[in-house]
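Take a look at the structure below.
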Amino acid sequence: MALTEQCKIKLQTIPTATINAVLFKRGLRNTYIRGIHLINPDAPRMIGPAFTLRYIPAREDFDQIDAFENLGQPQRTAVEECPPGSVFVIDAREDSSAAAASSILLTRLMKRGCAGVVTDGGFRDTPAIARLHFPSYHTRPAAPASLVRHLAVDLNVPIGCGGVPVFPGDIMVGDAEGVVVIPRAISPGVVAEAFELMQFEEFVQKKVDDGAAVTGLYPPSAAIREDYERWRASHR
């Protein structure tokens, strides 16, 4: 199911924490990618379907310095095939001892119109990446070349990233707090519910700012729910 323009507009404002709360209500407990952070805090919010690359541990008969001369090398192929508007998600097995990608590759993704990049490994050239207007999430800097530790083997297959399953086409949403994965099949309903929850949380925050106690407010009593409905009607 494609991500609609209406969903994209809503996702521009919904915190990843709110989305995660909705997924938890639906029984999904493992949707928040662990151990990563945003390299470039001034980058735009990241929203788009997942396009994946899977690494396995490097092996010396494959991972020699001339490996990148192969025109079909999967890492280079992935960078050229990740569709515009998609998020490039790299399964590096939570190994940041060598780079999952470099600033050159991330710049190419940005120039091709991709929506962002996420790995549970590390990137090299992070000072340069920090200057890109392109949301880039990783665990920590990793200067050694990818061939030292990683062998790229699969494109656009189900992977794990930061302990979270990611299927091609799942909706990736990233903000300053982190990255959440919305299963593609349920994404419209999750986005709609999360948008409603976000509005309620804004109402609660205003009440707390004004001195209200949390008890009976969050979660709301019947009286608070009525108060919220009046507030929402006046703020449409």
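The values are calculated or read from the model by the stated rules, or taken from the named source; none is laboratory data. Fair warning: this is a prediction, and the values are worked out from it, not measured in the lab. Cβ atoms come from the backbone with ideal geometry, glycine included; neighbour counts cover every protein chain shown.
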Margin query: When you scan the range 116-136, do you find a residue that is in contact with a strand residue (DSSP E or B) (Cβ under 7 Å, 6 or more places away or on another chain), modelled with pLDDT of 95 or more, of a type in the set (A, V, I, L, M) and within 29 Å of ASP61 (Cα to Cα), even just one?
Written below: yes
Notebook entry, point to check: In the range 50-64, how many residues are of a type in the set (Lys, Arg) and in contact with a Gly (Cβ under 8 Å, 6 or more places away or on another chain)?
Noted result: 0
Margin query: Which count do you get for residues in the range 93-150 that are farther than 20 Å from ASP175 by Cα, touching a Leu at 6+ places or on another chain (Cβ under 9 Å) and either outside the structural domain of PHE51 (by TED's automatic domain parsing) or in a loop (DSSP other than H, G, I, E, B) (or both)?
Written below: 2
Note to self: Looking only at residues that are touching a residue at least 40 places away in the same chain (Cβ under 8 Å) and of a type in the set (A, V, I, L, M, F, W, C) in the range 116-134, which one is surrounded by the fewest Cβ atoms within 10 Å (Cβ to Cβ)?
What the structure shows: ALA130
Notebook entry, point to check: What's the number of the condition GLY27 fails, among (1) crowded, with 21+ Cβ neighbours inside 10 Å; (2) farther than 26 Å from THR126 by Cβ; (3) among the small types (Gly, Ala, Ser)?
Noted result: (1)
Next item on the list: Within the range 188-228, work out how many residues are of a type outside the set (Phe, Trp, Tyr), surrounded by 11 or more Cβ atoms within 10 Å (Cβ to Cβ) and farther than 15 Å from ALA21 by Cβ.
Entry: 12
Notebook entry, point to check: So which residues in the range 89-115 are more than 22 Å from LEU151 (Cα to Cα) and either touching a helix residue (DSSP H, G or I) at 6+ places or on another chain (Cβ under 8 Å) or buried (at least 21 other Cβ atoms within 10 Å of the Cβ) (or both)?
Noted result: ARG112, CYS114, ALA115
Next item on the list: Would you point out the residue of the range 138-153, among those that are under 21 Å from the mean Cα position of the chain (by Cα) and free of Cβ contacts under 8 Å to residues at least 60 places away in the same chain, that is nearest to ASP66 (Cα to Cα)?
Entry: ALA142
Notebook entry, point to check: Restricting attention to the range 197-214, and to residues there that are part of a helix (DSSP H, G or I) and among the acidic types (Asp, Glu), which single residue is farthest from LEU11 (Cα to Cα)?
Noted result: ASP209
Next item on the list: Quickly run through the range 50-67 and pick out the residues that are of a type outside the set (A, V, I, L, M), touching a residue at least 24 places away in the same chain (Cβ under 8 Å) and surrounded by fewer than 21 Cβ atoms within 10 Å (Cβ to Cβ).
Entry: PRO57, ARG59, PHE62, ASP63, GLN64
Item checked: Every residue from the range 1-53 that is among the polar types (S, T, N, Q) and part of a helix (DSSP H, G or I) -> GLN6, THR16, THR18, ASN20
Next item on the list: List every residue pair whose Cβ atoms sit under 9 Å apart, with the two residues 6 or more apart in sequence or on different chains, where the first one lies in the range 223-236 and is outside any helix (DSSP H, G or I) and the second, anywhere, is of a type in the set (Phe, Trp, Tyr).
Entry: HIS235/PHE203
